[in-house]
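Here is the structure we will look at, set down as structure tokens.
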Number of protein chains: 2
Amino acid sequence: MTFKPVLIAGAWRPATKPTGAFTAVNPATRQPLGDHYPVSSIHDVNAAVEAGREAATALEAMPDAPEAIARFLDDYAARIEGAAGPLVEMAAQETGYAPTPRLASVELPRTTNQIRQGAAAARARSWTLATLDTKTNIRSYYHALGGPVVVFGPNNFPFAFNSIAGGDFVAAIAAGNPVIAKANTGHPGTTRLFAELAFEAARATGMPPAMVQLLYRTPADVGFALVSHPHVAATGFTGSKSAGLQLKAAAERAGKPIYLEMSSVNPVFILPGALAERSAAIAKELAGSCAMGAGQFCTRPGLTVVKAGADADAFITELTAAFAAGSPGTLLGAAGPTSIASALDVLRAHGADVLTGGQPINDGAFRFQPTVLRATGAAFLADPDALQTEAFGTVTTVIVAKDIDEMSAVADHLEGNLTGCLYTHTGGDDDADYARVAPVLRRRVGRLLNDKMPTGVAVSPAMNHGGPYPATGHPGFTAVGIPASLLRFAMLQCYDNVRPHRLPRELQDKNPTGTMWRLIDGTWSQADVIG
Amino acid sequence: MTFKPVLIAGAWRPATKPTGAFTAVNPATRQPLGDHYPVSSIHDVNAAVEAGREAATALEAMPDAPEAIARFLDDYAARIEGAAGPLVEMAAQETGYAPTPRLASVELPRTTNQIRQGAAAARARSWTLATLDTKTNIRSYYHALGGPVVVFGPNNFPFAFNSIAGGDFVAAIAAGNPVIAKANTGHPGTTRLFAELAFEAARATGMPPAMVQLLYRTPADVGFALVSHPHVAATGFTGSKSAGLQLKAAAERAGKPIYLEMSSVNPVFILPGALAERSAAIAKELAGSCAMGAGQFCTRPGLTVVKAGADADAFITELTAAFAAGSPGTLLGAAGPTSIASALDVLRAHGADVLTGGQPINDGAFRFQPTVLRATGAAFLADPDALQTEAFGTVTTVIVAKDIDEMSAVADHLEGNLTGCLYTHTGGDDDADYARVAPVLRRRVGRLLNDKMPTGVAVSPAMNHGGPYPATGHPGFTAVGIPASLLRFAMLQCYDNVRPHRLPRELQDKNPTGTMWRLIDGTWSQADVIG
């Protein structure tokens, strides 16, 4: 049997002593796709890390690495657009997503937009937060880590979070690091196509040979060896909590930074005034948000909190009807329906009743009925962990709290989440309740929304796609939003009394671009240092 | 026996079910000081954390917490100056440091300076890196963590790094967090005096009762419970690598951020041109730097690297003479001479020869002879870990490399360090060698110095007192330098579509101070948002 080659050290080559092989499966047909991909052994990992280290050294020696990196990213974005057809076709087969609009019109443009924003950030250099203290002649900035960054991509965004094209990849590259991509095993073919384009772009723009490398899969212990390798600089991971926590433990034992986006139920608090004013509209909005990508968005609203009463009952009726009327999307793999069913078992065992849905659908695809559950605030507070079990699909649990105190208590028992929403009366009717709940919710979430569902994650410099543990591994970093996401893959480098000609261009008196923002003696400025 | 009270929940009270007691020892006389301090049990830990959580909630509810915090810090700084006499007297007894200049004229002013810089940073708010995207109406900034921060202070700076007065304390408070201080057990009395002043300042300025709390000591397992407590927000630790790594593991298992400053040998590379030009001057400078605080600075130059030859031999002769002529300072405790002796055993066992010193001094104080060792580059490369064993005293190991390639290889085998220095010819004689060694050293250190010893750590906004693991736990953060050090104790908070009157003042259209720096649509500005 022939396996697809891995990309290591500037060459597509057979995996060395692979420990096995796998194929992707078309979730719409449950049929395996034809190509076989190798499961890499430690030999591939070691070779990729050593080559990545050499690439990092070569990047440091380039006369103007940020400009070269920007050219590479721009070139890569153009190649992706040129290969949109095959990319969309492959991704549609591997994920079951609609070729259009989802893949071709939404996710692919988002992906090239992120890549071009990364290029612009590398070129502008302002992300480095260069800080110059001219009196002491101490100067510092954020700079590449000096080794390869490992990126694990999730299954749910084959383009925008792809390990060799998505947000973490762009952030790591734009910050100046080579990347070792570990493909999501749900879409190895899509990832391979991206890797081919990235490698061509790297060659065309004169980047080091191992600027981008690709492995498809490893056994668990080899994955742990990868993230804890002495010469790996850092890891970005998006995926399940169970895999994430194991990688986190391995990396942290070795003192290696690892950034994880793992799980989130994304609570939505609908305050009484909003419920009285427009419960049908909110129910419809919630149903639509929860069904996006068949409920497989990290920001899917999986927990809805309302105050008991007639308005809440009406809302739940509307919501249940909307879910029942929804057409169940195709899930990404066989694990989808199984894991939703397991999550529902936990929720039911702890006092949540299924109002609609609750069962897998046994047609040709992997599907699950859109599901609404209902539980009391008391049930939630009796076992908050259980009632926050994430069901990765079109599932939301409505918590009916007896009063605002109990809504606030529910907020206070939330785990860390990516997002939290508060729906409020369009006038001031909910102001007092907002003031009760919002401060409690605020500390539990990375992004607080008001009268807006969480599923849109704008690529904005002000975005935070992050949040307290266990939504991520650290509350100070975002995985989306350029340039802030670059800071994860950089170290703080300080120069003390270093002679002017030995400073990096970004820290010399003369502004390197004429427009780079630098904090000079306490003032943000685009000017040169006046000598 | 009466134990000194702990400070918990706004009251000085006896420790609850303490597990033991301890006294400080005067290192200059080896005599125990009179006061007995309790070893706290889990009861004190739980009480302090719950009170700290309430304090964090109360802070959030204050109408203008940053201004209130600034007033608190300013008031505290003034109280410290008013109590300088007793503070210096107590610290001198507990550390053996000279009351003047070290404690009264250097460390105390540095401490109050840091506290006032923290006040200014809290008031200015620019540290929050507020980012406004007006087109999408997404706004974010760094904000307090919403729970108490635990601070473990080191033994070597009883004022400037004190757990309830030093850099980590200031950073955590200025960022808006209550602090639970764990005293260094070497100077509990000094820490108690600070805590009394801090608590008085907190009351005088209307802060929550548990804004500052103090425990003296815990058994190891209780310390692990503290840093991993579900309601603790984060931990700052400065101290030994062995204690730090244990706390790191406990905190990270629980998903809690922990910032550690642990160990560093602070390599100094003296390039051939500099050695030829001014070896005697550099030897003298190195001996002076290494002897500061009896060699007990985190940035003490413990590893010196030169190229073999007559200049190197002359330099080593000068250095050895300077060390031999130095008067050995008093070490901070009984562990000082013992741990230096253990470190020397490791160094000697791996090919380092003692040129001067090498023995403890058995007079009334804890002392050790200033010590120079010499080893070859080959010996270093044969076991780089062993040759980087930190000796926390006036000790430096001179590595004599056979050529620049070997100097560069030594740099490439360094662990992460706080600092790295390159001494170079005052003209251009060393430019080529600098270009060889500096890029390798750069990625291994937080602060790169040129023709300057590392022991001065200026409180500059551009300072990085941090570096790659195991110097610290994360290469992106600094423990010294305001406002950057505040970012460790903050989370990224994003507001998406939140109505204007519900935004924190720092993110509203109107600039909250008229001078706060904010990144508005890609431009750093002190202006209001133009509606």
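When the range A:304-327 is examined, which residues are found to be farther than 16 Å from residue A:377 by Cβ and surrounded by 23 or more Cβ atoms within 10 Å (Cβ to Cβ)?
A:319, A:323
For residue A:363, state whether it is over 26 Å from the mean Cα position of the chain (by Cα) and free of Cβ contacts under 8 Å to residues at least 12 places away in the same chain. It is true that residue A:363 is over 26 Å from the mean Cα position of the chain (by Cα) and free of Cβ contacts under 8 Å to residues at least 12 places away in the same chain.
Any idea which residue in the range A:448-459 is farthest from the chain's Cα centre (by Cα), counting only those that are in a loop (DSSP other than H, G, I, E, B), modelled with pLDDT of 95 or more and within 7 Å of another protein chain (Cβ to nearest Cβ)? Within the range A:448-459, the match that is farthest from the chain's Cα centre (by Cα) is A:451.
Taking the criterion of being in contact with a His (Cβ under 7 Å, 6 or more places away or on another chain), closer than 25 Å to residue B:269 by Cα and either of a type in the set (A, V, I, L, M) or more than 10 Å from chain A (Cβ to nearest Cβ) (or both), would at least one residue in the range B:436-447 satisfy it? Checked against the condition, which is being in contact with a His (Cβ under 7 Å, 6 or more places away or on another chain), closer than 25 Å to residue B:269 by Cα and either of a type in the set (A, V, I, L, M) or more than 10 Å from chain A (Cβ to nearest Cβ) (or both), the range B:436-447 yields no hits at all. I'd like the residue in the range B:234-264 that is within 9 Å of chain A (Cβ to nearest Cβ) and in a loop (DSSP other than H, G, I, E, B) and, out of all such residues, is surrounded by the most Cβ atoms within 10 Å (Cβ to Cβ). Here the residue is B:257. Annotation: of all residues in the range B:473-488 being part of a helix (DSSP H, G or I) and over 27 Å from residue B:102 (Cβ atoms), the one that is farthest from the other protein chains (Cβ to nearest Cβ) is B:486.
Quickly run through the range B:399-456 and pick out the residues that are of a type in the set (D, E, K, R) and within 18 Å of residue A:501 (Cα to Cα). Selection gives B:429, B:430, B:431, B:433, B:436, B:442, B:447, B:451, B:452. Only one entry of A:269, A:297 meets the criterion of being among the aromatic types (Phe, Trp, Tyr) and closer than 19 Å to residue A:437 by Cα, and that entry is A:269. Among the residues of the range A:88-108, those that are more than 16 Å from residue A:184 (Cα to Cα) and not hydrophobic (A, V, I, L, M, F, W, C) comprise A:89, A:99, A:100, A:101, A:102, A:105, A:107.
Looking at (1) at positive phi; (2) over 19 Å from the mean Cα position of the chain (by Cα), which is the one condition that is false for residue A:293? Here residue A:293 meets the rest and fails (2). Being of a type in the set (A, V, I, L, M) and within 29 Å of residue B:512 (Cα to Cα) is the requirement here; does residue B:181 meet it? The answer is no for residue B:181. Scanning the range B:274-305 for residues that are part of a helix (DSSP H, G or I) and within 13 Å of chain A (Cβ to nearest Cβ) yields B:274, B:285.
So how many residues does the range B:490-512 have that are closer than 10 Å to residue B:139 by Cα, at the interface with another protein chain (Cβ under 7 Å from one of its Cβ atoms) and either over 36 Å from the mean Cα position of the chain (by Cα) or free of Cβ contacts under 8 Å to residues at least 40 places away in the same chain (or both)? Within the range B:490-512, residues that are closer than 10 Å to residue B:139 by Cα, at the interface with another protein chain (Cβ under 7 Å from one of its Cβ atoms) and either over 36 Å from the mean Cα position of the chain (by Cα) or free of Cβ contacts under 8 Å to residues at least 40 places away in the same chain (or both) number 3. Among residues of the range A:417-458 being among the polar types (S, T, N, Q) and surrounded by 24 or more Cβ atoms within 10 Å (Cβ to Cβ), the one that is farthest from residue A:302 (Cα to Cα) is A:424.
Among the conditions (1) more than 14 Å from every other protein chain (Cβ to nearest Cβ); (2) outside any helix (DSSP H, G or I), residue B:386 misses just one, which is (2).
Among the residues in the range B:496-511, are any at pLDDT 95 or above, assigned to a strand (DSSP E or B), touching a helix residue (DSSP H, G or I) at 6+ places or on another chain (Cβ under 8 Å) and under 21 Å from residue A:480 (Cβ atoms)? Within the range B:496-511, not a single residue is at pLDDT 95 or above, assigned to a strand (DSSP E or B), touching a helix residue (DSSP H, G or I) at 6+ places or on another chain (Cβ under 8 Å) and under 21 Å from residue A:480 (Cβ atoms). Can you name the condition, by its number, that residue B:470 falls short on among (1) farther than 18 Å from residue B:251 by Cβ; (2) at pLDDT 95 or above; (3) at the interface with another protein chain (Cβ under 7 Å from one of its Cβ atoms)? Every condition holds for residue B:470 apart from (1).
The values are calculated or read from the model by the stated rules, or taken from the named source; none is laboratory data. Model, not experiment: these values are computed from the prediction. Every residue, glycine among them, receives a Cβ derived from its backbone with ideal geometry; neighbour counts consider all protein chains shown.
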